[in-house]
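The values are calculated or read from the model by the stated rules, or taken from the named source; none is laboratory data. Just so it is clear, the model here is predicted, and its values are computed rather than measured. A quick note on method: Cβ atoms are made from the backbone with ideal geometry, for glycine too, and the neighbour counts reach across all protein chains shown. Protein only, heavy atoms only, side chains kept; ligands, DNA and RNA dropped before computing areas. Shrake-Rupley method; radii C 1.70, N 1.55, O 1.52, S 1.80 Å.
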Amino acid sequence: MAEKDIALMSHLMRRAGFGATRDELEARVAKGYEATVEELVNPEEHGIPPIDEGMIFRHNPGYEIPGGNPTNGQAHWMYRLINTPRPLEEKMVLFWHHVFATGNAKVDNCDQLLAQIDMFRKNGMGNYRDLLVLLAKDPAMIFWLDNNENHRDAPNENWGRELLELFSMGQGNYSEDDVKECSRAFTGWTIAAKIPRLPYGRYPWSFEYLPQDHDDGEKTFLGHRGRFNGEDIIDIVVRQPATARFIARHLYNFFVADEVQVPSWLDVAPRDPVAINMLGETFISSGYDMRATLRMLFNSDFFKDESVWFGKVKSPAEVVAGTMRLVQDHVSPKPGMAPIGLETNYQGQALMDPPSVEGWHTGQEWIDSGSLLRRINFVANRVGDTSLPGVKSIIERLAARESLTATEFVDGCIDLMGPARVNDDTRSELIAHVEAGGPARRGATEEERAAFGRRVGEVLQLIASTREYQFG
Amino acid sequence: MQTVMVRGRVYNYSHTIGRNATGGPGFRHPVDLALGGNGVVYVINRGDEFQPCQRVSVITVDEEFIRDFGGVGTGDGQFTWPTAIALDGDENVYVADEWLNRISIFDRDGNYLGKWGTPGSGEGQINGPSGIVFDGNDNIYITEELNHRISKFTKDGRYISSWGSEGPGEGEFNHPWGIALDGRGDVYVADWHNDRIQKFSPEGEFLASFGGSGEGKGELKLPSDVAVDDEGDVYVTDWWNNKVEVFDPEGMPLTTFIGDAEELSKWAQEAVDANPDYVKARLRVKSLEPQWRFTRPTSIEISEDGKILVLDNQRARIQIYQKESDWVDPQFNL
């Protein structure tokens, strides 16, 4: 199997998922790149089952209705990120959570956030127009952006403004009057009072349309005039070229290469305008179909190009889920998941609790001195644990080779850890380190084999602590 | 609930006990219950990692709190992932822990007496004990979720026999969960991922299977537990479908319960009364009907006097129905 094919497949699985073990990469290369893309964008049609929810809730009943504190909800979602058989579907959940950032700090109902996340799961690769309608009716979003306070006689512009600024067109493409008219169209879109949490736990909110609270008057929006309701506004929004560019740039930033932060998009041109155009055109020509747009993205030359490999700083969710998949820990229900779910918080990405509606700043802003240490320690602690199945598998693959020079030993570790990529200086230092420890032999006795495993774990830890490993 | 009359049986909803609580009166993710003498009910609480409050709650069917015992951990008398509870002939309390793969034993006052269980898949070992029940000789049957089998031990942990393996066929299991015996000692198993109940002789000979995948009457999706009354009718907590299915002794569907807790339990009412904002918040809700219904019913037991106790896991309560005897229906034109 060609190393280049493995490397390209690894790139695809890091970006369209959360990485893959060597066994999975080899199976996918045997299947073919385009066939893998097709399976990723269309798992249901290819017979890929969803994760077994019953198995999750049977063993973790606290995950289903986690209540106000997000700990159980974060553990629940992280378990899915690690174990989903549909990695792109789950990656798109994370994508939409970035774009349509909604936070438990205000909502205080993590179960309602999980319902929104599940809505992204079911619709995130479908039609963007339909997704926006569902988002506008999503109870967590309605409460988060105060649309339950948006009344016919007292409009609240929070949802209307963010729909245009952060969820569709981006700054600079609409006027303040458009915001006002947009908000009027969504009056009466609210949530029904829910059964309170005491004494039997949380019950869900439900969307409620109150025609008596809806402003049915004529509105002028982006040059169109009519007695618009919310869905009419969304129909106009999705047709705007600015929306296609905005979604294209988000997709590029999330899947291909780090862009500047969203507030700068008005002033800073995309790093690859051709790619943005191609994505935008597919988005429009497909009728706003995310599946078609993603298929085009992953099969494009700009995505496959080696210049974008290992060029994106991994998000904390990618660090944690990717590491757990690599070491194959928590791949079935077991106690101790809560600290894994909380780990992204400590690295700067509290899932379902973003810092604001703008979401997280990505790219290099994931890294500061505190988060870097946390990222390195999290990965190093796990890849150095030679009892974990994924680490064992790496050790066994290396041990199966007849004899290993220090160079081969290091290259083998780099290869089996992704393949990862380190620069020449780092590689030389790793080789020198291994040479200083004497020949790396598998050995015959149990003690020698254990020592070999420990040396593998040690080199994996060193790779995890390199600057290069922060990129995916 | 209106009185349900079906093929010679009469059921009435009685009352509900419990509320959400991490200690004292109330439950947190209760997963199984067992009935002692004098209306005493033992409930095992699973807790969770945010609110780790694994314990046994001892209460009465009239909602009096007696005590709780146990705790979180791996030490003697502690629980990590408790799954099932049963009482021996002396009303000693046996608790299965599916993570620690052991059975812990307490007396009725909660004093720790001992433990047994060896993890593994070999004869006499257990993996994922998820349901336990005693027979008339004080031997204990265990459903092993991860070994996909039923094992029988003496109450002090000596291996007697086992049957079953993973699969969809007769006598095979897919992550079995709850277990019950009828008056003849026949064994009923909630064959969870096969969406069915299987019935065996006390020696493990396959006798019957009923249920089957679906949401309709007599159909099941991931059944969690089973109980049999003294007339041979079979009650199944249909976990994923949030209902209880009732079958006659031949496995024909009789009726369905979906939860009827229209009135709050005593402890629940106390909690609401103590929080005036909740009294008001309940008034603004258009319909409280969703609160009547089951959410993940996990365990079911039937008392000698015909009380059917349904453990309503996500709602931290027990809904109780009464199978009536000698019921005479009143004149219809009253």
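Inter-chain Cβ neighbour count for B:48-54, averaged per residue, equals 6 (cutoff 10 Å, partner chain atoms only). Can you give the local net charge around residue A:282? Use residues other than it whose beta-carbon is closer than 12 angstrom to its beta-carbon, Lys and Arg +1, Asp and Glu -1. Taking every other residue near residue A:282 into account, the sum is 0. Legend: residue pairs B:243/B:307; A:31/A:304; A:31/A:122; A:31/A:392, Cα-Cα distance threshold 21 Å; pairs beyond threshold, A:31/A:122; A:31/A:392. Exactly which trypsin sites (Lys or Arg not before Pro) in the range A:374-439 are in a DSSP loop and have at most 10 other Cβ atoms within 10 Å? When the trypsin sites (Lys or Arg not before Pro) of the range A:374-439 are filtered for loop state and at most 10 Cβ neighbours within 10 Å, nothing remains. Using a simple spin-label model with pseudo-atoms 7 Å out from Cα toward Cβ, residue B:256 and residue A:471 lie 5.7 nm apart.
Between the amide H of residue B:113 and those of B:105, B:106, B:107, distances stay under 5 Å, these residues lying 5 or more places away or on another chain, with hydrogens modeled in the peptide plane. In units of the compact-protein estimate 2.2 N^0.38 Å, chain B shows a Cα radius of gyration of 0.97. Listed values for the range B:165-181 are Karplus-derived 3J(HN,Hα) couplings in whole Hz (6.51 cos²θ - 1.76 cosθ + 1.60, θ = phi - 60°), namely 7, 6, x, x, x, 4, x, 9, 9, 10, 6, x, 10, x, 8, 8, 10, and x replaces Gly and Pro. What does the net charge come to around residue B:185 if you take all other residues with beta carbon closer than 14 Å to its beta carbon, with K and R at +1 and D and E at -1? Every neighbour counted, the sum reads -4.
Just the Cα atoms of chain A, one point each, no solvent: what log10 I(q)/I(0) does Debye give at q = 0.09, 0.12 Å⁻¹? Debye output, listed in q order: -0.63, -1.06. Peptide A:185-196 has a mean shielding of 3, counted as Cβ atoms of other protein chains within 10 Å of each residue's Cβ. Counting alpha carbon pairs within less than 8 Å and at least 6 residues apart, what relative contact order, in whole percent, applies to chain B? Computed value for chain B: 15 percent relative contact order. Over chain B, accessible surface divided per residue gives 40 Å², non-protein components excluded, 1.4 Å probe. When the charge dipole of chain A is built from unit charges on Cβ atoms (+1 for Lys and Arg, -1 for Asp and Glu) and taken about the Cα centre, the candidate among A:300, A:193, A:94 whose Cα reaches farthest toward its positive end is A:94. Calculated accessible area for the range A:1-48 comes out at 44 Å² per residue, all protein chains present (probe 1.4 Å; ligands, DNA, RNA ignored).
Each residue of the range A:56-61 is assigned a 3J(HN,Hα), and the resulting list reads 5, 6, 4, 8, 10, x Hz, derived from the Karplus form 6.51 cos²θ - 1.76 cosθ + 1.60 (θ = phi - 60°), x at Gly and Pro. Per-atom-type breakdown for the protein assembly as shown gives carbon and sulfur 47% of the accessible area (1.4 Å probe, protein chains only). The calculated 222 nm mean residue ellipticity attributable to helices in chain A amounts to -16500 deg cm²/dmol, summing -39500 (n - 2.57) over DSSP H runs of n ≥ 4 and dividing by all residues.
The GluC sites (Glu not before Pro) of the range B:120-186 that DSSP puts in a loop, and whose beta carbon has at most 13 other beta carbons within 10 Å, are B:123, B:170.
From the P(r) of the protein assembly as shown, could you give the percentage of C-alpha pairs in the tail past 43 Å? Cα-Cα pairs of the protein assembly as shown separated by over 43 Å account for 38 percent. Each residue of the range B:144-149 is assigned a 3J(HN,Hα), and the resulting list reads 10, 4, 8, 9, 6, 7 Hz, derived from the Karplus form 6.51 cos²θ - 1.76 cosθ + 1.60 (θ = phi - 60°), x at Gly and Pro.
In 10 Å bins starting at zero, report the fraction of Cα pairs in the range A:281-335 per bin as a rounded %. Result returned by the calculation: 19, 27, 33, 18, 3. Considering all C-alpha pairs of the range A:389-470, those separated by over 15 Å amount to 51%.
Across the range A:127-308, the volume of the C-alpha convex hull divided among the residues equals 137 Å³ per residue. Computed about the Cα centre, the dipole magnitude for the range A:284-400 is approximately 380 debye when only Lys and Arg (+1) and Asp and Glu (-1) carry charge, each at its Cβ. Between chain B and chain A, the total buried accessible area stands at approximately 3400 Å², from heavy atoms with a 1.4 Å probe. Output the residues of the range B:1-26 meeting this criterion: accessible area (heavy atoms, 1.4 Å probe) in the chain alone minus accessible area with all protein chains in place is 30 Å² or greater. Going by heavy-atom accessible area, the residues of the range B:1-26 that drop by at least 30 Å² are B:20. Other residues whose C-beta falls under 15 angstrom from the C-beta of residue A:217 contribute a net charge of -2, scoring Lys and Arg +1 and Asp and Glu -1. Heavy-atom accessible surface of the range A:127-308, averaged per residue, reaches 39 Å², computed with a 1.4 Å probe. Contact-buried residues of the range B:261-296, at a threshold of 40 Å² lost accessible area versus the chain by itself: B:278, B:285, B:286, B:291 (1.4 Å probe; DNA, RNA and ligands ignored).
Under the combined filter of DSSP loop state and at most 14 neighbouring Cβ atoms within 10 Å, the range A:1-91 retains these GluC sites (Glu not before Pro): A:44, A:45. Less than 5 angstrom separates the built amide H of residue B:98 from those of B:81, B:83, all sequence-distant by 5 or more or on a different chain.
Of the peptides A:317-326, B:100-109, the order by per-residue mean of other Cβ atoms within 10 Å, starting with the highest, comes out as A:317-326, B:100-109.
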